[in-house]
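Chemist: One structure coming up, written as structure tokens, with questions to follow.
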Amino acid sequence: MTAGAPAIRTLVRDDLAVFFAYLNDHLSDNGTAGTAMFMPLPRSESRFSAEKEAAFRLGMQTPVGQPGWRRGWLAIAPDGRIAGHIDLRARAEKTSAHRALLGMGVHREFRQQGLGGAMLAVATAWAETQALDWIDLEVLSVNTPARQLYLRAGFTLVADMADMFRIDGETLGYTFMSKKIRA
């Protein structure tokens with residue numbers, strides 16, 4: 001990344017209104033205009049729901065290690081716009097507190113510039129300071145750019161599940177990947 005590259009910083013409560021607006025804009029790219037489908041949502045429903053907003057807000061206040069916790073980071077462009085985001089959150093299973101589930105996205109104007117790898121490095125470094133041993137992720141199998149990014153970042157393929165979703169007349173698979181971050 002170059003000197004004019006976005007700076008990555010922790011997502012804080014005061015960012016949430018702008019962050020949720022960014023997420024809705026980001027989700028509008030889901031499977032449109034040559035962008036691979038990246039969320040298992042019909043194109044007409046690709047938005048961040050009020051329920052997800054509420055869970056995100058609550059998760060940011062929940063201590064790491066407790067059910068429902070979530071932490072995030074924003075990549076901020078020199079002009080102040082959100083260029084990308086990454087978050088780690090608790091897995092739903094109580095007995096998987098040693099693992100985190102990853103979510104991320106890069107704004108259309110900042111893709112293919114190394115930002116995804118930089119955000120993964122920040123989130124991984126943070127996870128190494130916590131009581132986390134693994135980072136897991138789920139990605140639509142058709143999202144080749146994301147799968148390649150995760151492989152470059154040290155994630156390994158755990159499973160490919162064919163025909164996981166049927167969305168907008170398409171049959172889509174799901175890829176599961178993990179990265180061991182602590183022995």
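Chemist: Right, ARG43: under 28 Å from GLU128 (Cα atoms), of a type in the set (Lys, Arg) and either touching a Pro at 6+ places or on another chain (Cβ under 7 Å) or touching a residue at least 40 places away in the same chain (Cβ under 8 Å) (or both) or not?
Modeler: no
Chemist: Then there's this: Quick check on segment 42-52. Is at least one of its residues aliphatic (A, V, I, L, M) and farther than 22 Å from LEU140 by Cβ?
Modeler: yes
Chemist: Here are some conditions: (1) more than 21 Å from THR35 (Cα to Cα); (2) outside any helix (DSSP H, G or I); (3) over 11 Å from the mean Cα position of the chain (by Cα); (4) in contact (Cβ under 8 Å) with a residue 24 or more places away in the chain. GLY80 meets all but one. Which one does it not meet?
Modeler: Of the numbered conditions (1) more than 21 Å from THR35 (Cα to Cα); (2) outside any helix (DSSP H, G or I); (3) over 11 Å from the mean Cα position of the chain (by Cα); (4) in contact (Cβ under 8 Å) with a residue 24 or more places away in the chain, the odd one out for GLY80 is (4).
Chemist: Here is a further query. Can you tell me which residue is nearest to PRO40 (Cα to Cα) among those in segment 161-179 that are touching a helix residue (DSSP H, G or I) at 6+ places or on another chain (Cβ under 9 Å) and in contact (Cβ under 8 Å) with a residue 40 or more places away in the chain?
Modeler: In this case the residue turns out to be ILE167.
Chemist: Within segment 139-173, can you find the residues that are surrounded by 16 or more Cβ atoms within 10 Å (Cβ to Cβ) and under 27 Å from GLY65 (Cβ atoms)?
Modeler: Matches in segment 139-173: VAL139, TYR150, ALA153, PHE155.
Chemist: Then there is this: Out of all the residues in segment 51-71, is one or more more than 18 Å from the chain's Cα centre (by Cα), outside any loop (DSSP other than H, G, I, E, B), closer than 22 Å to SER96 by Cβ and at pLDDT 95 or above?
Modeler: yes
The values are calculated or read from the model by the stated rules, or taken from the named source; none is laboratory data. Predicted, not measured: the structure shown is a model, and the values here were computed from it. As a convention, Cβ positions derive from the backbone with ideal geometry for all residues, glycine included, and neighbour counts pool all protein chains shown.
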